[in-house]
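Peer 1: Here it is, the structure in full.
Each value in this text was obtained by applying a stated rule to the coordinates, not by laboratory testing. All values derive from a computational prediction rather than experimental measurement. Here the Cβ positions follow ideal geometry from the backbone for every residue, glycine too, while neighbour counts run over all protein chains shown.
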Amino acid sequence: MTYEEAIQYIHSTYKFGMKLGLENIRRLLGYMGNPEKNLKIIHVAGTNGKGSTSSFINSILKEAGYKVALYTSPYLEEFEERMKINGENISREKLVYYVEYIKPIIARMVREGYNHPTEFEVITAIAFKYFSDEEVDFVVLEVGLGGRFDATNAISSSLVSVITSIDYDHMDKLGNTLGDIAYEKAGIIKKKGVVVSFYQQEEALKVINDACEVKEAYLTVLDKSNVVIKEQNSDFQVFDYKNFKDLKITLLGTHQIYNASLAVEVIQKLKNIYGYRIEEEAIKRGLMSAKWPGRLEVMKKRPYVVIDGAHNPQGMTVLKESLKLFNYRRLILVIGMLKDKEVNKMLNIITPVADVIITTTPLSDRAYSAKDLASKISRNSVFAVDQIDKAVNEALKMAGEEDMVLFCGSLYMIGHVRKLLRGVLNKK
């Protein structure tokens, strides 16, 4: 089997859709000998900040000398980004090996009358097997969607259940109220488990509290008053958290300071409850070295070229606030969105701060066309450019040295933009 054939096989399982329930993934893992049971897992759910928080935790544990696996979704540029060990993507050769391994197991499941696993179930099962075979010390496991019925929740235990900021997103699948959405996220909480939560809106926090009471789980909620912000600019941020002084991160935006603080709280639980050795210097180095591409990522200065994966109202509000870190003359906004998102809310948040707007079409069958998205923006200086590469070139041509070009609206656009920008900007 070639790499291309392996990827094609994985994506071919997309047609089996998304099924609620954990029965099928657990059956698949059972056929594989339950590799997930060999893993020590930090499980991360939430609406916004899952990836950044996971990256901070992963980076700290790696700096502390542990062998750490990181499972995230979706990928930005390469499929292999979804499974990393100590910062290195799974190799193409190993991915092919695990697809060849799992394919006959799935065929047997179907022969025996069970449902075909979905694409995400297949990928998650491969990740568990890979991480188990590599005998990693920890797995930082990011939920794909929701939590309660997410394939990652096939695990029976975790060291810590982490819940990042909860807001409105995927309402067609998770519910129309914050309480409903929080209920799905809180589904990762385990019996008598350790839970660390971001500070939440009252409705969401009540649901998390109730879930912890039912499960007899030990809950810690991030206290904003323990965070002291000392310096913020377009290169780095410095803050204190509890007794930790002058913590420095290169991920930008006030929200990342709180995500980093949440990660430090998780690390403290691993130290104080389980006895893992993680020195303060490892925490500092890990925070500083953490990267999370596509989140307020500065690709170039003069002009600023920035990409951000904001794709829901909370994310767009945070992005708008974070623009205050930069000094620029004009903002050239390139935006693409999916139809199942709260498009009008997001446009109302971000478009008023833009001087020029270019709409484009993300790489998804759920995407608004550039023209249809432009029709939702009632103002001048809006240009519809259907192809992403042309939109990138148009925006860069428009920008003077004192301007900012900002790409946002959908992760299905940002990954492609990032790859294009690295090609274009490296030639200059």
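Peer 1: Restricting the count to DSSP beta bridges whose residues both fall in the chain, what percent are antiparallel, rounded to a multiple of 5?
Peer 2: Of the beta bridges lying entirely in the chain, close to 35 percent run antiparallel.
Peer 1: Please give the length that would be gained between Lys419 and Asn344 if that part of the chain were fully extended, namely 0.36 nm times their separation in residues minus their C-alpha to C-alpha distance (nm, one decimal).
Peer 2: 24.2 nm
Peer 1: Something else about it: How much mean residue ellipticity at 222 nm does the chain get from its helices, if each DSSP H run of length 4 or more adds -39500 (n - 2.57) and you divide by all residues, to the nearest 500 deg cm²/dmol?
Peer 2: Estimated from H runs of four or more residues: -12500 deg cm²/dmol.
Peer 1: Now for a different question. What are the lysines whose alpha-carbon lies under 22 Å from the alpha-carbon of Lys84, with same-chain residues fewer than 8 places away excluded?
Peer 2: Cross-link targets: Lys37, Lys40, Lys50, Lys62, Lys67, Lys94, Lys103, Lys129, Lys284, Lys291, Lys419.
Peer 1: Moving on. Within straight cross-link reach of Lys376, meaning Cα distance under 24 Å, which lysines are found once same-chain residues fewer than 8 apart are removed?
Peer 2: By straight Cα distance, Lys376 reaches Lys320, Lys339, Lys341, Lys345, Lys390.
Peer 1: Mind ordering 260-267, 386-393 by average Cβ neighbours within 10 Å, highest first?
Peer 2: Per-residue Cβ counts within 10 Å, averaged per peptide and sorted highest first, yield 260-267, 386-393.
Peer 1: Per q in 0.10, 0.19, 0.20, 0.22 1/Å, what log10 I(q)/I(0) does a Debye calculation on the alpha-carbon atoms of segment 137-265 return?
Peer 2: Once normalised to I(0) and log-transformed, intensities are -0.35, -1.09, -1.15, -1.26.
Peer 1: Would you kindly derive the ³J(HN,Hα) couplings of segment 201-209 from the backbone phi angles with the Karplus curve 6.51 cos²θ - 1.76 cosθ + 1.60 (θ = phi - 60°), listing them in order in whole Hz, with x for Gly and Pro?
Peer 2: Couplings: 5, 3, 4, 6, 5, 4, 5, 5, 4 Hz.
Peer 1: Taking the Cβ of Val238 as the center, what net charge do the other residues with Cβ under 9 Å away carry, scoring Lys and Arg +1 and Asp and Glu -1?
Peer 2: Once all neighbours under 9 Å are counted, the net charge is -1.
Peer 1: Of the peptides 395-408, 278-291, 224-237, how do they stack up when ordered by the mean number of other Cβ atoms within 10 Å, highest first?
Peer 2: The packing order, highest mean first, is 395-408, 278-291, 224-237.
Peer 1: I want the local charge near Lys62. Using Cβ-Cβ distances under 15 Å, sum +1 for each Lys or Arg and -1 for each Asp or Glu among the other residues.
Peer 2: Overall, the nearby charge balance is +1.
Peer 1: Using r as the Cβ-Cβ distance of Lys245 and Lys206, and R0 as 35 Å, what FRET efficiency do you calculate, to the nearest 0.05?
Peer 2: On the way: r = 34 Å, r/R0 = 0.96.
For R0 = 35 Å, the calculated efficiency reads 0.55.
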